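Data first, discussion second: the structure below is written as structure tokens.
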Amino acid sequence: MIAGEATSAWAATAPDLLERILQQRRRRAGETIAIDADPTPLEQVLNTQSGPSGVALLDTALRTLALTAQAEERELPVLRGARVSDRTVELILDEPAEPLAPFTTGAGPGRWVLDSKAKLLDTETAPDVPDAPYPGLVTLGATENGDLLLADLLHTGTLLLEGTADDVLAVGRAMALEAGTCGWTDHTEIMTVGLGTRLATLLPRGRVRPMPHVSAVVADLGALLLEVHQQTDDADTPQPLPWILICAGDVDTEQAWQLADAVSAARNLPIAIVLPANDATRNAFPTAEPIAAAPGTPVTLPQLSDDAVQLQRLTDEQYHQYVHALQVAEKPAEPATGTWQLAEPHDQTAAAPRPQPHPLLRVHTSGAEADSDPGSPYPALLASVSATAVPQATQNTPAAETSAPTGAGEAGAEADEAVDAGAGLSAAGSGAGQGEPGAEDSGEEWQAPEIAVLGPLAVSGVTTSGHGPKVAALAALIHLRPGRSAEFLCTAMDPVNPWSTRTLQSRLSELRSRLGTAPDGSPYLPRPTHGYRFHPDVTSDWQRFQDLATRGLADPDAGTADLENALYLLRGKPFEGRDFAWADAVQQEMISRIVDTAHTLAVRHTEGDQPDLDAARRAALRGLEIDETSEVLYRDWMNIEWGAGNTAGVRKAIARLHQVARTYDISLEPVTEQLIDLVLSDRPTPAHTRRA
């Protein structure tokens, strides 16, 4: 629950997953999507509380129920609401009925509970159920033990929120945001009055329509009734969408009665109304359910549960934080810097004719000529390619940052950084693709601790028992967000219930003990001076990935092996199996860089007279394992299969892309639609490819 200490159902993150997908789709090669490095307190709470266990389970279970009812030719039961926990879903029926799979009989009459052994639709099949069966479900609040209590507004009809204008606004906002973002309201019209207009324009799904006043709402409802009245009984006539009004503005007597008359005329149409409680609305809707909206006031809803709930609410401060996050997501992506400018453009796909080389590569790479070339902004970067012929670096120090400003006056700084990127690969990172440990010239087998985040989180010396998972998460936080204060760490580790300083010190002490000390005698986790940070020798697979990828991009001829080694480091999606509120920005950066690397590698493997289409296919599919929505990688995949003459592979790639588009309700880019038409036509495969 927002503004409380319970779970919220209406958003996975702020902004949600769909917005991040759209940001990734909009960016160009080498760019990084706009995102706050440190999320707002609201984002941290939402990211921490979100989880596929309860909220997504409800959506999947309801869609499975709809499919079962269709197969058995039975009517879906009328719901009063639902109760959702992390492990199960309970449906509260209006009347008792024989249960339908995946539900079984619950604890009392009119209660269905999700069968723990039932087979649910998987994530690929669930979107094939065209409409969620109960689009009027909205979370009212959470019980003391954290269970969510939802009411079906389309069954309830009208709710009246009792309280001050601010209280009604806070509760109404939370209802509107959930209805506008959650999966089970995917075909709903949501009218709002008094909730503001900014949010509706920023939400990735266009379900919320702000109206200036109640009279405009009455006019819209009247137009809907006229449209329905004029429709024929033809089976092809589209049914009206469920219509929900959430109002936090003033409602006078005339408007209340106009609205009541319109609702009465609607009869059996799916309509729900949430209004502020006043004399006008109470008189116009005498049977409406009143709910106290004051914060801290337990609300009991006998028709749903005997347990009291704290209403879900969104305060002014939280609302502004949410809007801020959405506004940031709408900003243009950060331009590509350093060697990431050399990533293959996203409009260039594998097996397609290659354009002219990037300007940075149109220079001599021999040291003397490159250094004397005044037109090269990266003379040292390109010269460093030949300097990296030695497979193992002789220093066990992390590579320097690879990104640099691109202004002409700062070319020298960029060149210096590029040299470090190419020649400063640490011993721990060398040969990473083969899984071989780095070795110093002295022959010692000593290795500095490594924090692995390109897959399930793992830290050298930290086990998965006891406090191990929390200690590992703390290590990743310190490594990826160095220099942060104890207060920051306490909040980041648990935004809902921040750690105490005593808990933090205990976990830090355990981490310090697990990692040990460097050869120079200093601990790998020193005592803080200006924030917490690790000894310079502590590295991560993410740092090694960046070192390998940037070095590979700098050498279009011999750097392909480095790009492959970078992809070999991937053990799964970044932080797979864990969601950390503080890690959203770096996760998105990782996804961007992985997609760019996989795409560049796929293009390189399809170049020339003897392309390696198998290697190109592996690169594209490896990238899709990390980002299943990356349209540029699907284009690569389609072109690779087309170049190989593999019609079945082409159709498989297209089918999977269409499945993803349905799952996230997104449209394909025009260039993708054109490519699909091309590869499904009878035209010959590209002339410069060979059959695999």
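The values are calculated or read from the model by the stated rules, or taken from the named source; none is laboratory data. These numbers come from a predicted model, not from an experiment. Cβ atoms come from the backbone with ideal geometry, glycine included; neighbour counts cover every protein chain shown.
Is it true that Thr253 is among the polar types (S, T, N, Q) and at pLDDT 90 or above? Yes; evaluated as a whole, the condition is true for this residue. Taking the condition of being in contact (Cβ under 8 Å) with a residue 40 or more places away in the chain, under 11 Å from Glu162 (Cα atoms) and not in a helix (DSSP H, G or I), how many residues in segment 275-294 meet it? Qualifying residue count for the region: 9.
When we screen Leu474, Leu454 for residues that are in contact with a helix residue (DSSP H, G or I) (Cβ under 9 Å, 6 or more places away or on another chain), modelled with pLDDT of 90 or more, surrounded by 14 or more Cβ atoms within 10 Å (Cβ to Cβ) and farther than 30 Å from Ala561 by Cα, the only hit is Leu474.
Here is a check on your reading of the model: is Ala616 outside the structural domain of Pro482 (by TED's automatic domain parsing), aliphatic (A, V, I, L, M) and in a loop (DSSP other than H, G, I, E, B)?
No; evaluated as a whole, the condition is false for this residue.
One residue alone among Met175, Met191 is of a type outside the set (D, E, K, R), in a helix (DSSP H, G or I) and modelled with pLDDT of 85 or more, and that residue is Met175.
May I ask you to verify whether Leu150 is crowded, with 24+ Cβ neighbours inside 10 Å and either at pLDDT 85 or above or in a helix (DSSP H, G or I) (or both)?
It is true that Leu150 is crowded, with 24+ Cβ neighbours inside 10 Å and either at pLDDT 85 or above or in a helix (DSSP H, G or I) (or both).
Could you list, ordered by first residue, the pairs with Cβ atoms under 6 Å in which the first is in segment 554-574 and surrounded by fewer than 23 Cβ atoms within 10 Å (Cβ to Cβ) and the second is among the aromatic types (Phe, Trp, Tyr), at least 6 apart or interchain? What qualifies is Leu569/Phe545. With respect to the conditions (1) more than 27 Å from the chain's Cα centre (by Cα); (2) at pLDDT below 80, Glu124 lacks only one, and its number is (1). When residues in segment 63-117 are screened for being in contact with a helix residue (DSSP H, G or I) (Cβ under 6 Å, 6 or more places away or on another chain) and in a helix (DSSP H, G or I), 1 of them pass. Within this structure, Ala37 fails the test of being modelled with pLDDT of 75 or more and either assigned to a loop (DSSP other than H, G, I, E, B) or assigned by TED's automatic domain parsing to the domain that holds Gly180 (or both).
Condition check ((1) among the polar types (S, T, N, Q); (2) under 24 Å from the mean Cα position of the chain (by Cα); (3) crowded, with 24+ Cβ neighbours inside 10 Å) across all residues:
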{"residue": "Gln610", "(1), (2), (3)": "yes, no, no"}
{"residue": "Asp614", "(1), (2), (3)": "no, no, no"}
{"residue": "Asp627", "(1), (2), (3)": "no, yes, no"}
{"residue": "Ser630", "(1), (2), (3)": "yes, yes, yes"}
{"residue": "Trp637", "(1), (2), (3)": "no, yes, yes"}
{"residue": "Glu641", "(1), (2), (3)": "no, no, yes"}
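Let's see how each residue does on (1) more than 18 Å from Asp220 (Cα to Cα); (2) buried (at least 22 other Cβ atoms within 10 Å of the Cβ); (3) within 31 Å of the chain's Cα centre (by Cα):
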{"residue": "Ile244", "(1), (2), (3)": "no, yes, yes"}
{"residue": "Pro270", "(1), (2), (3)": "no, no, no"}
{"residue": "Glu289", "(1), (2), (3)": "yes, no, no"}
{"residue": "Pro335", "(1), (2), (3)": "yes, no, yes"}
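Restricting attention to segment 515-549, which residues are polar (S, T, N, Q), under 24 Å from Thr463 (Cβ atoms) and surrounded by 21 or more Cβ atoms within 10 Å (Cβ to Cβ)? Correct list: Thr539, Ser540, Gln543. Taking the numbered list (1) at pLDDT 95 or above; (2) more than 12 Å from Leu454 (Cβ to Cβ) in turn, Arg618 passes all entries but (1).
Looking at Arg512, Arg578, which one is surrounded by 14 or more Cβ atoms within 10 Å (Cβ to Cβ), modelled with pLDDT under 90, of a type in the set (Lys, Arg) and in a helix (DSSP H, G or I)?
Working: Arg578 fails: in a helix (DSSP H, G or I).
None of the others qualify; the one that does is Arg512.
When the residues of segment 241-259 are filtered to those that are touching a strand residue (DSSP E or B) at 6+ places or on another chain (Cβ under 9 Å) and assigned to a helix (DSSP H, G or I), which remaining residue is farthest from Leu224 (Cα to Cα)? Within segment 241-259, the match that is farthest from Leu224 (Cα to Cα) is Ala256. Tell me, please, whether a residue that is closer than 27 Å to Leu93 by Cβ and either touching a Leu at 6+ places or on another chain (Cβ under 9 Å) or at pLDDT 80 or above (or both) can be found in segment 319-327. The answer is no, given that none of the residues of segment 319-327 is closer than 27 Å to Leu93 by Cβ and either touching a Leu at 6+ places or on another chain (Cβ under 9 Å) or at pLDDT 80 or above (or both). One residue stands out in segment 104-115 among those that are out of contact with any Pro (no Cβ under 8 Å at 6 or more places or on another chain) and more than 18 Å from Arg63 (Cβ to Cβ): the one that is modelled with the highest pLDDT, namely Arg111. Is there a residue in segment 86-99 that is of a type in the set (Asp, Glu), touching a Phe, Trp or Tyr at 6+ places or on another chain (Cβ under 8 Å) and either at pLDDT 75 or above or surrounded by 23 or more Cβ atoms within 10 Å (Cβ to Cβ) (or both)? Checking segment 86-99: at least one residue is of a type in the set (Asp, Glu), touching a Phe, Trp or Tyr at 6+ places or on another chain (Cβ under 8 Å) and either at pLDDT 75 or above or surrounded by 23 or more Cβ atoms within 10 Å (Cβ to Cβ) (or both).
I'd like to check something: does segment 593-608 contain any residue that is at pLDDT below 95 and within 23 Å of Val459 (Cβ to Cβ)? Checking segment 593-608: at least one residue is at pLDDT below 95 and within 23 Å of Val459 (Cβ to Cβ). Every listed requirement among (1) assigned to a helix (DSSP H, G or I); (2) within 30 Å of Gln341 (Cβ to Cβ) is met by Pro482 save one, (1).
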